[in-house]
Amino acid sequence: MTDRRSIIVTGCSSGIGAWCARALASDGWRVFATVRRVEDLGPLESDGIEAFLMDYTKPDTIYSLVEQVLARTGGRLDALFNNGAYGQAGAVEDLPVEALRLQLETNVIGWHDLTRQVIPAMRAQGHGRIVQCSSILGIVPYRWRGAYNASKFALEGLTLTMRMELAGSGIEVSLIEPGPITSRFTANAVAYVERFIDLKGSVHAKEYERQMRRLKGESGPARGKLEPDAVYAALKRALTERKPKPHYIVTQPAKQGALLKKLLPAGLFYRIIGRLG
């Protein structure tokens, strides 16, 4: 069992993480999956996946995860897939500081903490793969998603710098940038909007009515939405290609957005993007 390639996958209670954890296990990986709630451990364990409680905002849980995983593998780890995240919606002017702080703590700082803790094991063995599930919103900004945009733009910069710094170490680093993927991501965002945003008192109150309908799935499916297996196809390439790419963009809308950003003058591009959402 310990001869199998090993990987930590975070955010596995549903969506992309849950799908990828099970697909990796089916492909022969030894998967260490993380969730934040006790009740989400059982379904993973019943599928033969080693599951742990871990919360990016709680450093002690990150330390405990790494300690337990390395104890089980004899100090080795082949890969890390940082995936667990959420999206804080709301206009930038309506974002309380604590909302932005929690978004960055969850989507950037916690990822950085976990990544730093596994790199020494990868350096010692002379190889490893680090894959970050970013978003097209780490390349192309979107209205009403300022906090989430900020977290993913930060992740892109941090990850690409790390990729350059780890060159020659045997540790390969890649980003996956999905567009719309079927998951509970938008549904989970509703709780954070209601917690932090003054929906009725804002100058954007009318827009928020539309946004909340969209987050609750009342406006129909997003254009070009794919299933989580599309992300797994990119993850598999990032984990197995001899020379993995820095970027794997997933879904047609994401590819179109990235291409337009390259081709159009900045002013025109941001005017077009500013009409979306």
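Brief remarks follow.
- Rounded to 5, percent antiparallel among DSSP beta bridges of the range 118-277: 0 percent
- Charge tally in the Cβ shell below 13 Å around Phe269, where Lys, Arg are +1 and Asp, Glu are -1, Phe269 excluded: +4
- Semi-axis lengths, Å, the range 119-163, gyration tensor of Cα atoms, sqrt of 5 times eigenvalues: 28, 8, 7
- Of the peptides 154-164, 266-276, the ranking by mean beta-carbon count within 10 Å, highest at the top, reads 154-164, 266-276.
- q = 0.13, 0.14, 0.31 Å⁻¹: log10 I(q)/I(0) that the Debye formula gives for the range 1-51, counting C-alpha atoms only: -0.24, -0.28, -1.26
- Remark: the range 100-143 is approximated by an ellipsoid whose semi-axes, taken from the C-alpha gyration tensor as √(5λ), come to 27, 14, 5 Å, largest first.
- Two numbers describe the Cα atoms of the range 167-209: Rg and Dmax, which are 18.1, 54 Å.
- Peptides ranked, highest mean first, by Cβ atoms within 10 Å: ranges 64-76, 99-111: 99-111, 64-76
- Between Leu259 and Glu194, the C-beta separation translates, for a Förster distance of 30 Å, into a calculated FRET efficiency of about 0.25.
- Taking Cβ atoms as reference points and 9 Å as the exclusive limit, the residues near Gly128 contribute a net charge of 0, counting Lys and Arg as +1 and Asp and Glu as -1.
- 5 angstrom amide H check on Arg5, placed H, neighbours 5+ away: Arg30
- For q = 0.12, 0.17, 0.21 Å⁻¹, Debye-computed log10 I/I(0) when each Cα of the range 86-221 counts as one equal scatterer: -0.54, -0.92, -1.23
- Listed peptides 137-145, 181-189 by packing density, highest first (mean Cβ within 10 Å): 137-145, 181-189
- The length gained on full extension between Gln68 and Thr240, counted as 0.36 nm times the residue separation minus their Cα-Cα distance, comes to 59.4 nm.
- A P(r) calculated from all alpha carbon pairs of the range 15-153, with 10 Å bins opening at zero, reads 11, 38, 34, 15, 2 percent.
- Area projected by the alpha carbon convex hull of the range 81-126, averaged over all directions, nm²: 3.8 nm²
- Rolling a 1.4 angstrom probe over the protein heavy atoms with all chains in place gives the range 1-152 an accessible area of 40 Å² per residue.
- For the chain, the carbon plus sulfur part of the accessible surface works out to 55%, probe radius 1.4 Å.
- Entry note: the range 22-72 has Rg to Rh equal to 0.98, where both radii use alpha-carbon atoms and Rh is the Kirkwood radius.
- Rg in Å to one decimal, and Dmax rounded to a whole Å, for the range 138-188 via C-alpha atoms: 13.7, 41
- CD proxy at 222 nm, helix term only [per DSSP H run n ≥ 4: -39500 (n - 2.57); per residue of the chain; nearest 500]: -14500 deg cm²/dmol
- Treating each Cα of the range 166-277 as an identical point scatterer and summing with the Debye formula, the log10 of I(q)/I(0) at q = 0.14, 0.15, 0.20 Å⁻¹ comes to -0.81, -0.89, -1.15.
- Length available on full extension from Ser46 to Arg116: 0.36 nm per residue minus the Cα-Cα distance, which gives 22.2 nm.
- Of the chymotrypsin sites (Phe, Trp or Tyr not before Pro) found in the range 1-78, none is in coil by DSSP with at most 14 other Cβ atoms within 10 Å of its Cβ.
The values are calculated or read from the model by the stated rules, or taken from the named source; none is laboratory data. Model, not experiment: these values are computed from the prediction. Neighbour counts run over all protein chains shown; Cβ positions are idealised from the backbone, glycine included. Surface areas here come from the heavy atoms of the whole protein model, side chains and all, with no ligands, DNA or RNA. Shrake-Rupley method; radii C 1.70, N 1.55, O 1.52, S 1.80 Å.
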